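Accompanying notes for the structure given below.
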Amino acid sequence: MLRFKSLGSGSAGNATLVEAQSNGSASRVLIDCGLSISELSARLAELSLSLTDIDAMFVTHEHSDHVGNARQFALKSNRPVWMSQGTQLATQALSWGLETSQIQTAKDHEVIEIGSLKITPFTVPHDAREPLQVTLTDGTFKLGLVTDLGHASAHVVQALQDCHALVLESNHDSDMLRMSKYPSFLKSRISGPLGHLSNIESANLLKNLLNPNLRHVVAAHLSERNNTPQLVIDALCPVLGWEPNELIIAHAEHGCPWVTLE
């Protein structure tokens, strides 16, 4: 069985928990740690889990809403942290004061095994040093997680084929962003080819990922100022052919409920 839960998704902080259960034991990986350790611990406690119940962390890139508290997590849990070499350099991870074995290097399409979970990183176009997003599988089901990218490259589309579930960025509504009070440089950065996906861009990517086994889609990384859940629903549900309540929205405050594939 494979299941996952966003613990929080947005510009204030991101963290996603993925769990595979096999033969009575669970393997758990935390993707990113932009939440404070106290907040992360509290949200895990609601699931009857603690920091040490997580086997490893994967950091997608160096932006603070994804890596902000990864060092504290590693220090408190003594668990390994996987990230690209570029992200290591950008975050100065080798100076975090961790055991040498705790910092592990992730590379495009090199599979990482954490218990019964297999993680495949893949490069994405985003304004970071060497950003990676991931797919995860328990050998039966495949989850694609892609929350920070400026456009859907052919490499991204290929990596996300045949997923049973997706956590997919739907960051902003283009009209809301254009009319917002953000400075011009920030609008250009967000909407540019190394920024974030708009609702329409997310819908277009989704068209290329449809398959008969796709059962769950979680819309993630919604801008609190330049998007609304209803606009996301209006953009994505017609592509999926789903009713509005079938699309899951990940929120900044509480993420989303467990999503189970079995």
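Since every read-out is calculated from the coordinates, none of them should be taken as a lab result. The model shown is predicted, which means the values in this text are computed figures rather than measured ones. Every residue, glycine as well, gets a Cβ built from its backbone with ideal geometry; the counts of neighbours run over all protein chains shown.
For segment 210-223, what are the residues that are under 17 Å from the mean Cα position of the chain (by Cα), of a type outside the set (S, T, N, Q) and on the phi < 0 side of the Ramachandran plot? Those that are under 17 Å from the mean Cα position of the chain (by Cα), of a type outside the set (S, T, N, Q) and on the phi < 0 side of the Ramachandran plot: 216, 217, 218, 219, 220, 222. Residues in segment 246-262 that are small (Gly, Ala, Ser) and either in a loop (DSSP other than H, G, I, E, B) or in contact with a Cys (Cβ under 6 Å, 6 or more places away or on another chain) (or both) were compared, and the one that is surrounded by the most Cβ atoms within 10 Å (Cβ to Cβ) is 250.
Taking segment 74-85 as the range and being out of contact with any strand residue (DSSP E or B) (no Cβ under 6 Å at 6 or more places or on another chain) and either of a type in the set (Phe, Trp, Tyr) or within 21 Å of residue 113 (Cα to Cα) (or both) as the test, the residues that pass are 77, 78, 83. Candidates 31, 114, 119, 37: the one that is surrounded by 15 or more Cβ atoms within 10 Å (Cβ to Cβ) and without any contact (Cβ under 8 Å) to a residue 40 or more places away in the chain is 37. Looking across 108, 138, 127, one residue alone is of a type in the set (D, E, K, R) and within 24 Å of residue 13 (Cβ to Cβ). It is 127. Among residues of segment 73-84 that are more than 14 Å from residue 55 (Cβ to Cβ), those with a Cβ under 9 angstrom from a residue that is acidic (Asp, Glu), sequence gap 6+ or separate chain, pair up as 83/62; 83/130; 84/108; 84/130. Please determine, by comparing only the residues of segment 171-207 that are touching a His at 6+ places or on another chain (Cβ under 6 Å) and not in a helix (DSSP H, G or I), which one is surrounded by the fewest Cβ atoms within 10 Å (Cβ to Cβ). Per the stated criteria, the residue is 193.
Of the conditions (1) closer than 22 Å to residue 253 by Cα; (2) exposed (fewer than 15 other Cβ atoms within 10 Å of the Cβ), residue 233 satisfies every one except a single condition; which number is it? Among (1) closer than 22 Å to residue 253 by Cα; (2) exposed (fewer than 15 other Cβ atoms within 10 Å of the Cβ), residue 233 violates only (2). Hey, does segment 104-122 have a residue that's aliphatic (A, V, I, L, M), touching a helix residue (DSSP H, G or I) at 6+ places or on another chain (Cβ under 8 Å) and under 22 Å from residue 17 (Cα atoms)? No, segment 104-122 contains no residue that is aliphatic (A, V, I, L, M), touching a helix residue (DSSP H, G or I) at 6+ places or on another chain (Cβ under 8 Å) and under 22 Å from residue 17 (Cα atoms).
Against the list (1) within 16 Å of residue 129 (Cβ to Cβ); (2) surrounded by 17 or more Cβ atoms within 10 Å (Cβ to Cβ); (3) touching a residue at least 24 places away in the same chain (Cβ under 8 Å), the condition residue 88 fails is (3).
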